[in-house]
Amino acid sequence: MDVDLNLEHMPPAPKKQDYRIGVIGAGFIMRDCHLVAYANAGYNVVAIACDVPGQAAEVAQARGIPKVFQTVEELLADETIEVLDIAVPPQYQLAIVREAAKQKHLKGILAQKPLATSYREAREVVRVAQDAGITLAVNQNMRYDQSMRALKTVLARGYLGEPVLATIEMRAIPHWQKWIADIGRVTMLNMSIHHLDTFRFLFGDPESVYVSARTDPRTKFPHRDGIVLYILEYAGGLRAAAWDDVWAGPAREGAAPDLYIKWRVEGTEGLAQGTIGWPSYPNRAPSTIDFTTTRQPGCWFSPRWKEVWFPDAFQGTMGQLLESLASGKEPAISGRDNLKTMALIDACYKSAEERRPVSIEEIMQS
């Protein structure tokens, strides 16, 4: 049987792209990821605001945004804006969504991930948007990493048979923003959330998760989850595990660096493995996939592409919201779906604290 190497590594473009988008936030992720991706996709960004008006003006000039508001409230009140894109720290998103919910003209919101600092707060964000009739999507952008979308296609076509073991190994050094120090939750909420949500995207919800965590000796502000190892247990027997190492050193102390993110999925009829290109940013390093299958014994397949996670994947998250608004269907990255990712995050913290497996349901029912 032939193996089709068109693995749909990029999502289809939304059928309607001209929704008028207002963006809140003018930091790196907005300036160099969201807005670059939106311009490349032809999305219609019409206004920007942030809590530092001068910074918003600089980003507007750099990215060709026609209108700069001095305050977030002024942007929200602009009745010509249909879609809101929020890129602020998670502890501030609920307040913005509450204000947005008072506006009758807003149709959709793309909120940044993590949606909140805890499951309980995330649930309130979802409730507020739902009560206001606003479609809420969450920017879980690793789902739109090209190798993850290709892997999803490989799994859906059955090239690997039944998944048996899935792993992600991260040896990379994130730049922790200053606001993270105020939360007390570090790696799992802000980095592992990518991997945990992607495991959900690929395989569905696990029965439980078991976590071991230690502090990162290089991170100076108080925290417990610097370096984390976790195992997701699935009802059918699948085990998905990750090592999220934010020390990855001592690269910064002068040793030769060896930074990467690798993943691997073993199945009863095949094996897929690959890399995530993000640690090489700002250099463009596409993520990769290589796979073998019993459908063509003895062969390895290595499709490649030019697109990269940062910034190209951000076309997909906003595109999913725009498509949802046009079709009336719930987005795949809906706020309601994201509650299970947030519950999984809380389950991870509880597991690390109590040194036992914890289920999503335990968090959602508490």
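The values are calculated or read from the model by the stated rules, or taken from the named source; none is laboratory data. Everything quoted here is computed from the prediction, not taken from an experiment. Cβ sites come from the backbone with ideal geometry, for glycine too, and all protein chains shown count toward neighbours.
Going by the structure shown, is Val128 in contact (Cβ under 8 Å) with a residue 60 or more places away in the chain and part of a helix (DSSP H, G or I)? Steps first, please.
Working: in contact (Cβ under 8 Å) with a residue 60 or more places away in the chain: no; part of a helix (DSSP H, G or I): yes.
It is false that Val128 is in contact (Cβ under 8 Å) with a residue 60 or more places away in the chain and part of a helix (DSSP H, G or I).
Filter region 1-55 down to residues that are crowded, with 19+ Cβ neighbours inside 10 Å and of a type in the set (Phe, Trp, Tyr) and give me whichever is nearest to the chain's Cα centre (by Cα). In this case the residue turns out to be Tyr38.
Among the residues of region 150-162, those that are within 14 Å of Arg264 (Cα to Cα), in a helix (DSSP H, G or I) and of a type outside the set (Val, Ile, Thr) comprise Ala150, Leu151, Lys152, Leu155.
When region 91-107 is filtered for residues that are outside any loop (DSSP other than H, G, I, E, B) and either touching a helix residue (DSSP H, G or I) at 6+ places or on another chain (Cβ under 7 Å) or farther than 20 Å from Ile48 by Cβ (or both), the ones remaining, listed by number, are Gln91, Gln93, Leu94, Ile96, Val97, Arg98, Glu99, Ala100.
Among the residues of region 203-215, those identified as free of Cβ contacts under 8 Å to residues at least 60 places away in the same chain and either within 20 Å of Val164 (Cα to Cα) or assigned to a helix (DSSP H, G or I) (or both) are Phe203, Gly204.
Among the aliphatic types (A, V, I, L, M) and out of contact with any strand residue (DSSP E or B) (no Cβ under 8 Å at 6 or more places or on another chain): which single residue out of Ala95, Ala26, Ala56 fits that description? Lay out the reasoning, then the answer.
Working: Ala26 fails: out of contact with any strand residue (DSSP E or B) (no Cβ under 8 Å at 6 or more places or on another chain); Ala56 fails: out of contact with any strand residue (DSSP E or B) (no Cβ under 8 Å at 6 or more places or on another chain).
Selected residue: Ala95, the only one of Ala95, Ala26, Ala56 that is among the aliphatic types (A, V, I, L, M) and out of contact with any strand residue (DSSP E or B) (no Cβ under 8 Å at 6 or more places or on another chain).
Kindly establish whether Asp85 is surrounded by 13 or more Cβ atoms within 10 Å (Cβ to Cβ) and at pLDDT below 95. Considered against the rule, which asks whether it is surrounded by 13 or more Cβ atoms within 10 Å (Cβ to Cβ) and at pLDDT below 95, Asp85 comes out as no. Looking at Leu84, Leu110, Leu7, Leu75, which one is more than 30 Å from Lys152 (Cα to Cα) and either in contact with a helix residue (DSSP H, G or I) (Cβ under 8 Å, 6 or more places away or on another chain) or not assigned by TED's automatic domain parsing to the domain that holds Ala156 (or both)? Result: Leu75 is the single residue among Leu84, Leu110, Leu7, Leu75 that is more than 30 Å from Lys152 (Cα to Cα) and either in contact with a helix residue (DSSP H, G or I) (Cβ under 8 Å, 6 or more places away or on another chain) or not assigned by TED's automatic domain parsing to the domain that holds Ala156 (or both).
Please enumerate the residues belonging to region 113-125 that are among the small types (Gly, Ala, Ser) and either part of a helix (DSSP H, G or I) or assigned by TED's automatic domain parsing to the domain that holds Asn190 (or both). Reasoning before the result, please.
To start, the set of residues in region 113-125 that are among the small types (Gly, Ala, Ser) comprises 116, 118, 122.
Matches in region 113-125: Ala122 only.
Of the residues contained in region 50-73, one or more are found to be closer than 19 Å to Ile134 by Cα and not hydroxyl-bearing (Ser, Thr, Tyr). Mind listing whichever residues of region 131-149 are closer than 30 Å to Val308 by Cα, in a helix (DSSP H, G or I) and either out of contact with any Ser or Thr (no Cβ under 9 Å at 6 or more places or on another chain) or hydrophobic (A, V, I, L, M, F, W, C) (or both)? Within region 131-149, Met142, Met148, Arg149 qualify. Among the residues examined, Glu79 does not qualify as in a helix (DSSP H, G or I) and charged (D, E, K, R). Of the residues screened, Gln320 is not one that is polar (S, T, N, Q) and over 21 Å from the mean Cα position of the chain (by Cα). Candidates are the residues of region 338-355 that are in contact (Cβ under 8 Å) with a residue 40 or more places away in the chain and more than 20 Å from Trp243 (Cβ to Cβ); the one that is surrounded by the most Cβ atoms within 10 Å (Cβ to Cβ) is Met342.
Filter region 8-52 down to the residues that are part of a loop (DSSP other than H, G, I, E, B), more than 27 Å from Trp176 (Cα to Cα) and out of contact with any Phe, Trp or Tyr (no Cβ under 9 Å at 6 or more places or on another chain) and list them by number. So that I can check it myself, show each step before the final result.
Let us first name the residues in region 8-52 that are part of a loop (DSSP other than H, G, I, E, B), namely 8-19, 25-27, 42-43, 50-52.
If we keep only those that are more than 27 Å from Trp176 (Cα to Cα) as well, we get 8-19, 42-43.
Result: Glu8, Pro12, Ala13, Lys15, Lys16, Gly42.
Listed by first and then second residue, the pairs linking a residue in region 247-260 that is assigned by TED's automatic domain parsing to the domain that holds Pro279 to a residue that is of a type in the set (D, E, K, R) and part of a loop (DSSP other than H, G, I, E, B), with Cβ atoms under 6 Å apart and 6 or more places separating them unless they lie on different chains, are Trp247/Asp216.
Within region 299-319, the set of residues being crowded, with 24+ Cβ neighbours inside 10 Å and in contact with a strand residue (DSSP E or B) (Cβ under 7 Å, 6 or more places away or on another chain) comprises Thr317, Met318.
Within region 49-66, residues that are over 19 Å from Ile96 (Cβ atoms) reach partners that are in a helix (DSSP H, G or I) and among the aliphatic types (A, V, I, L, M) with beta carbons closer than 8 Å, at six or more positions or on different chains, in the pairs Arg63/Leu35; Arg63/Val36; Arg63/Ala39; Gly64/Ala39; Pro66/Ala60.
When you look at Gly184, is it modelled with pLDDT under 95, in the same structural domain as Leu238 (by TED's automatic domain parsing) and at positive phi, yes or no? The answer is yes for Gly184.
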